[in-house]
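Quick notes on the structure that follows.
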Amino acid sequence: MFTKLYSWCTSLGDKLINGGENSEFVDYYTGYFIDTPVCSNIFLAGIGIALVIALIFYFGICNFVFSLAKRWVWAIVLVIVFVSTMFTTIPMIVGNNAEVAEDATGIFAKAYAIEESKLDLTEDTDQRDEITAVATEFRDQFISKEDDSTVMGEDLPMEMAITNAVYSVILFFIFSLLFKKHTRDGSAIPF
C-alpha cells in the first residue's frame, strides 16, 4: 500500500515493472520496495518529523516566545520540515554498503540476499558470474560517485526523498491547522 504513495510520482513504478534501464533489476527493486517495509518506514518517519516539529513550533515557540510566533518563522519551520525529511529519507532508503554482506543495510542488504538466493539455484559458472555481475551493477548505482557531480547513479532515492518531504510539508500544514487553536500566540498562524 505505501509503495503506491511513491510509485505514482517517481520512477519506482517503472522500475518495479521494467527494472528501469536494466530489466534484470526487476527482482532487486521488487524485493526491496515491495517485500520490505521501506516505503512505510520512510512515510512514518515523515509523519514523525512533521508531528514533532509542529508540536515544538505550536506548543513550544508559539506559547512561550511571542516574538517568534510569526508567519515568517512558520515558513522557515516549513522549510526545516522539508529539508530534514529529505535528508532523513535518503539514508533510510539506500542504507550502507559493506565489504561483508552481513554488515550491509538497506537496499544493499536486500541486493546481497537476492544475489545469494539466485546463486543457490544454479551451479553453472557462467550463470553464477552473470548473477554476480548484475547484482554488483545494481548495488553500484547506489554508491556515491566521488568524481561525478551527482550524488549517486540512481535518481530514485532522491525522487522518493523529495516526494516524502512534500508529504511531510502537507502533514505539517494539517498539524498546523489542528494545533493552532490550542496556542496562546499562534492562533493566526499560518492564517
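Which lysines, if any, have their Cα less than 19 Å from the Cα of residue 180, not counting same-chain residues under 8 positions apart?
Qualifying lysines at Cα under 19 Å: 70.
Based on Cα positions only, what radius of gyration and what Dmax would you give for the chain, in angstroms?
Rg and Dmax of the chain, Cα atoms, are 20.8, 72 Å.
I need the Debye-formula profile for the stretch 58-139: one equal scatterer per C-alpha, no solvent, reported as log10 I(q)/I(0) at q = 0.17, 0.23 1/Å, two decimals.
-0.75, -1.03
Quote the charge dipole size of the chain about the Cα centre in Debye, to the nearest 20; the model charges only the Cβ of Lys and Arg (+1) and of Asp and Glu (-1). If you can, show how the numbers build up before the last one.
Numbers: 12 positive and 25 negative charges, 477 e Å.
Its charge dipole is roughly 2280 debye.
Find which of 13, 158, 44 sits farthest along the positive direction of the dipole of the chain, computed with +1 on the beta-carbon of Lys and Arg, -1 on that of Asp and Glu, about the Cα centre.
Checking the options against the dipole of the chain, the answer is 44.
Which helices pass in the chain if a helix is a full DSSP H run, must span at least 24 angstrom along its long axis by Cα, and must have mean Kyte-Doolittle hydropathy not below 1.0?
On the way: long enough: 38-55 (25 Å, 2.41); 71-94 (35 Å, 1.97); 156-179 (34 Å, 1.81).
Correct list, ordered by number: 38-55, 71-94, 156-179.
Only Cα pairs under 8 Å and at least 6 apart count here; give the relative contact order of the chain as a rounded whole percent. Could you put the intermediate results ahead of the total?
On the way: 215 pairs, mean separation 59.7, N = 191.
Here the relative contact order equals 31 percent.
Under a cut-off of 30 Å between alpha-carbon atoms, report the lysines in cross-link reach of residue 4, not counting same-chain residues fewer than 8 places apart.
Leaving aside lysines fewer than 8 places away in the same chain, those within reach of residue 4 are 15, 110, 118, 145.
We did not get these values from a lab; they are worked out from the coordinates using the rules stated. These numbers were taken from a predicted model, which means no experiment stands behind them. For neighbour counting, all protein chains shown are included, and Cβ atoms are generated from backbone atoms with ideal geometry for every residue, glycine included.
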